[in-house]
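K.L.:
Below is the structure I would like to discuss, written out as structure tokens.
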Amino acid sequence: MNYLEVFNRNKETQLFGRYITLKNIESILGKHFAKNEIKVIGKSVLGKSIYSYQTGFGDFKILLWSQMHGNESTTTKALFDLFNFLDSDAEEVIKWKSKFTLHFIPMLNPDGAEFYTRENANQIDLNRDFIALSQPESQLLMRVFNEIQPDFCFNLHDQRTIFGAGQTKNPATVSFLAPSYNDKKEINEVRLKAINLIASLNEKLSEFIPNQIGRFDDGFNRNCVGDTFQQLGVPTILIEAGHFQNDYAREETRKFIFISLLHGMQTLYENDIVDNKIDDYLKIPQNNVCFFDIVYRNIKINYDNSNLITNFAAQFKEEIVQNQLTFKAYISSIGDLEGFHGHIEYDAQEALFKDDEGHFPKINKKADFILENGKVFVNGLLKK
């Protein structure tokens with residue numbers, strides 16, 4: 001299968017960018033009704049509909065959910081790209097539907113999606129609610145899990161721009177995890193199936209984004225859904241969509257998530273998860289917190305009446321303004337920044353910093369400033 005060709009042919013053009021709400025997906029779901037079972041399976045805290053999407057008629061049941069965190073929408077876009085492919089008569093689709101019954105929850109947290117927050121409307125992180133099960137959205141996912149009794153689960157998320165792929169100096173564009181099922185991080189038959197699938201995904205994805213794939217820390221947390229489902233005996237993998245160079249809309253990243261989903265289905269169809277690929281899994285570099293959005297190096301500042309050469313960094317805060325997602329740069333760190341990189345970097349060549357308060361950057365202040373060489377920075381970026 002030519003994954004890039006399949007993606008380009010099936011990309012859902014009505015979904016773009018990072019701010020994806022229930023209204024966006026409801027307007028698209030209708031075109032899939034004819035070939036699939038789509039229904040409302042519950043309501044959010046604020047009464048918004050939570051949809052399921054089911055296709056296939058095989059005995060092997062797979063459960064996938066996205067936007068458990070409302071501001072993590074890249075995997076939702078990739079699911080709708082996949083829905084378009086699943087509506088086709090491609091040979092692979094016919095085979096998959098004969099073996100699998102696929103159950104999707106494309107937006108588990110529609111309130112959080114609307115507010116563009118990680119939490120739900122009660123300000124609860126649903127992925128830390130699987131002991132208490134205090135929220136209607138987490139209760140719904142647990143109910144669906146118990147009713148379906150899936151053979152495999154895909155837990156789909158986004159991760160922040162701060163993560164690099166180990167020591168590669170590259171962003172972790174996609175990260176994986178086979179969650180632990182106990183405090184000792186032991187590997188049983190269930191977790192091994194998740195590990196083996198991730199090893200296969202990493203091998204394929206490395207053809208497209210070599211050295212830009214990470215692995216999450218596998219510390220056990222029974223409050224998390226993946227750890228819970230793994231403990232209950234169902235292989236579960238976490239897929240996190242991260243940053244790709246110059247892709248803050250995550251339109252490139254959605255492509256790699258789509259490829260991961262396609263290859264995951266094909267690998268499960270071929271039952272290529274029975275070997276021991278622990279070593280391959282452990283070779284995936286662990287996520288490393290080593291990135292800022294913007295790093296400014298060799299900046300002259302005036303501190304306590306002395307001129308010093310230093311570096312500082314800015315991080316974008318994502319804010320909804322007039323129903324549009326905006327990225328606003330705020331100064332987040334000052335110092336040597338050894339071991340840190342910027343997705344964007346500027347070398348000031350020892351030019352003096354100046355903003356409306358003086359010659360010294362301040363944490364949490366907007367990154368609007370000028371340099372004595374005449375360069376002007378607005379919202380963190382060099383003004384052309």
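K.L.:
Is there a residue in the range 126-141 that is assigned by TED's automatic domain parsing to the domain that holds residue 18, touching a strand residue (DSSP E or B) at 6+ places or on another chain (Cβ under 7 Å) and of a type in the set (Phe, Trp, Tyr)?
P.N.:
No: zero hits.
K.L.:
Taking into account only those residues within the range 272-287 that are more than 20 Å from the chain's Cα centre (by Cα) and among the aliphatic types (A, V, I, L, M), which is modelled with the lowest pLDDT?
P.N.:
274
K.L.:
Identify the residue in the range 27-72 that is in a strand (DSSP E or B) and among the charged types (D, E, K, R) and, among all such residues, is nearest to residue 127 (Cα to Cα).
P.N.:
This residue is 43.
K.L.:
Moving on to the next point. Checking residue 306 against (1) farther than 23 Å from residue 366 by Cβ; (2) not aromatic (Phe, Trp, Tyr); (3) not assigned by TED's automatic domain parsing to the domain that holds residue 366, only one condition comes out false. Which one?
P.N.:
So residue 306 meets the others, but not (3).
K.L.:
Determine the pairs where a residue that is under 23 Å from residue 270 (Cα atoms), located within the range 184-195, has a partner that is at pLDDT 95 or above and among the hydroxyl-bearing types (Ser, Thr, Tyr) with Cβ atoms under 7 Å apart, the partner being 6 or more residues away or on another chain.
P.N.:
Close Cβ pairs satisfying both conditions: 188/181; 190/181; 191/181; 194/236; 195/281.
K.L.:
Conditions: (1) touching a residue at least 40 places away in the same chain (Cβ under 8 Å); (2) under 30 Å from residue 71 (Cβ atoms); (3) in contact with a Leu (Cβ under 8 Å, 6 or more places away or on another chain); (4) surrounded by 18 or more Cβ atoms within 10 Å (Cβ to Cβ). Residue 313 meets all but one. Number of the miss?
P.N.:
Going through the list (1) touching a residue at least 40 places away in the same chain (Cβ under 8 Å); (2) under 30 Å from residue 71 (Cβ atoms); (3) in contact with a Leu (Cβ under 8 Å, 6 or more places away or on another chain); (4) surrounded by 18 or more Cβ atoms within 10 Å (Cβ to Cβ), residue 313 breaks only (1).
K.L.:
The conditions are (1) under 20 Å from residue 129 (Cβ atoms); (2) touching a Pro at 6+ places or on another chain (Cβ under 9 Å); (3) not in a helix (DSSP H, G or I); (4) not basic (Lys, Arg), and residue 245 fails exactly one of them. Which is it?
P.N.:
Against the list (1) under 20 Å from residue 129 (Cβ atoms); (2) touching a Pro at 6+ places or on another chain (Cβ under 9 Å); (3) not in a helix (DSSP H, G or I); (4) not basic (Lys, Arg), residue 245 comes up short only on (1).
K.L.:
On to the next question. Hey, among 239, 187, which residue is crowded, with 23+ Cβ neighbours inside 10 Å, among the β-branched types (Val, Ile, Thr) and in contact with a helix residue (DSSP H, G or I) (Cβ under 8 Å, 6 or more places away or on another chain)?
P.N.:
Result of the check over 239, 187: 239.
K.L.:
Would you check which residues across the range 275-307 are more than 16 Å from residue 337 (Cβ to Cβ) and part of a loop (DSSP other than H, G, I, E, B) and list them?
P.N.:
Answer for the range 275-307, where residues must be more than 16 Å from residue 337 (Cβ to Cβ) and part of a loop (DSSP other than H, G, I, E, B): 275, 276, 277, 283, 284, 285, 304, 305.
K.L.:
Report, by residue number, each residue of the range 30-56 that is under 21 Å from residue 115 (Cβ atoms) and touching a strand residue (DSSP E or B) at 6+ places or on another chain (Cβ under 9 Å).
P.N.:
Hits for the range 30-56 are 40, 42, 43, 44, 49, 50, 51.
K.L.:
Now a separate question. Can residue 262 be described as surrounded by 22 or more Cβ atoms within 10 Å (Cβ to Cβ), under 25 Å from residue 6 (Cβ atoms) and either without any contact (Cβ under 8 Å) to a residue 40 or more places away in the chain or not basic (Lys, Arg) (or both)?
P.N.:
It is true that residue 262 is surrounded by 22 or more Cβ atoms within 10 Å (Cβ to Cβ), under 25 Å from residue 6 (Cβ atoms) and either without any contact (Cβ under 8 Å) to a residue 40 or more places away in the chain or not basic (Lys, Arg) (or both).
K.L.:
Another one. Need the failing condition index for residue 133 against (1) without any contact (Cβ under 8 Å) to a residue 60 or more places away in the chain; (2) crowded, with 22+ Cβ neighbours inside 10 Å, just the number.
P.N.:
Only one criterion is unmet by residue 133, namely (2).
The values are calculated or read from the model by the stated rules, or taken from the named source; none is laboratory data. Computed from a predicted structure; not experimentally measured. All Cβ positions, even for glycine, are placed from backbone atoms using ideal geometry, and neighbour counts span all protein chains on display.
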